Amino acid sequence: MKLNINIPTSLKDITLRQYKRFLKIQEGTDDLRFLNAKMIEIFCDIKLEQVMNLKVTDTNEIVEMVAKLFDEKPSLVNSFKLGKTEYGFHPQLDDLTLGEYIDLDTFIGDWDNIEKAMNVLYRPILVKLKKKYSIEEYRVETAEDVLDMPMDAVMSSIFFLWNLGLDLSQTMTNCLDNQEMGTEALMQFLNSQANGDGTKASFQDSLKGILDDLKISLN
């Protein structure tokens, strides 16, 4: 029986939901043949029994093609569409609120909940004029809405934050300006988040951990 398989040709063709599903399976087994079969099932969106009917040479070729996609270092994806909704990357990270920053810092290194970090970085666009746009206010409860976002957006935002070296001290200063918090509250937050060389190191370590999980070199 002839089988048409849609093999992803870029990270744009793979969703965060699919990648998280594959990670869960990967965590539970060391069986490479099973993992290869599940990779094809999940990323090519076909049934496992159909994968089992493929030639070994074909499965090896598909696995190699899909695996190479995660070597990509995509430029920042500024926007993407989910259904009829266009999402845009946060146009002004310096304007992050304290709550947004805490959620970004907490979940950026957590694959189980990384959609909560993406929910901070990418929001539905309200108004767009050429390359400029405004995005919706941050809402914690919409995190699951971005599970079907493309992996090129996920990875590009992680690379962007890594390369930016996100100046957390300035971000926190802006948070204080926006929310009129006092110095004592700032120190409590920094002390609770500090790790190694401080909050900035902790945040960057989280990003590095994600890239390590993806087997991607920073060089």
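The values are calculated or read from the model by the stated rules, or taken from the named source; none is laboratory data. Note that this is a predicted model, so its numbers are computed, not measured. Note that we place each Cβ from the backbone using ideal geometry, even for glycine, and neighbour counts take in every protein chain shown.
Name, by its number, the condition in (1) within 16 Å of the chain's Cα centre (by Cα); (2) surrounded by fewer than 16 Cβ atoms within 10 Å (Cβ to Cβ); (3) free of Cβ contacts under 8 Å to residues at least 24 places away in the same chain that does not hold for LYS130.
(1)
Among the residues of region 15-43, which ones are at pLDDT below 95 and outside any helix (DSSP H, G or I)?
Scanning region 15-43 gives THR29, ASP30, ASP31.
Against the condition over 15 Å from PHE80 (Cβ atoms), touching a strand residue (DSSP E or B) at 6+ places or on another chain (Cβ under 6 Å) and either at pLDDT below 95 or β-branched (Val, Ile, Thr) (or both), how does VAL120 come out, does it pass?
no
Here's the yes/no breakdown for (1) in contact with a Leu (Cβ under 6 Å, 6 or more places away or on another chain); (2) surrounded by 15 or more Cβ atoms within 10 Å (Cβ to Cβ); (3) without any contact (Cβ under 8 Å) to a residue 24 or more places away in the chain:
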| residue | (1), (2), (3) |
| --- | --- |
| LYS47 | no, no, yes |
| VAL51 | no, yes, yes |
| GLU61 | no, no, yes |
| SER75 | no, no, no |
| LEU93 | no, yes, no |
| ASP105 | no, yes, no |
| GLU115 | yes, yes, no |
| ASN119 | no, yes, no |
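Let me spell it out: the conditions are (1) part of a helix (DSSP H, G or I); (2) hydrophobic (A, V, I, L, M, F, W, C); (3) at pLDDT below 50, and LEU166 meets all of them except one. Which number is the exception?
The failed condition is (1).
So GLY109 ticks every box in (1) part of a helix (DSSP H, G or I); (2) closer than 19 Å to TRP162 by Cβ but one. Which box is left unticked?
(1)
Just give me the residues in region 8-22 being surrounded by 15 or more Cβ atoms within 10 Å (Cβ to Cβ) and within 18 Å of ASP71 (Cα to Cα), in sequence order.
Result: PRO8, LEU11, LYS12, ASP13, ILE14, THR15, LEU16, GLN18, TYR19, LYS20, PHE22.
Can THR29 be described as surrounded by 13 or more Cβ atoms within 10 Å (Cβ to Cβ) and either more than 19 Å from the chain's Cα centre (by Cα) or closer than 20 Å to MET155 by Cβ (or both)?
no
Does region 61-77 include one or more residues that are modelled with pLDDT of 95 or more and assigned to a loop (DSSP other than H, G, I, E, B)?
Yes: one or more hits.
Can we say ARG33 is of a type in the set (Lys, Arg) and over 30 Å from GLU141 (Cβ atoms)?
yes
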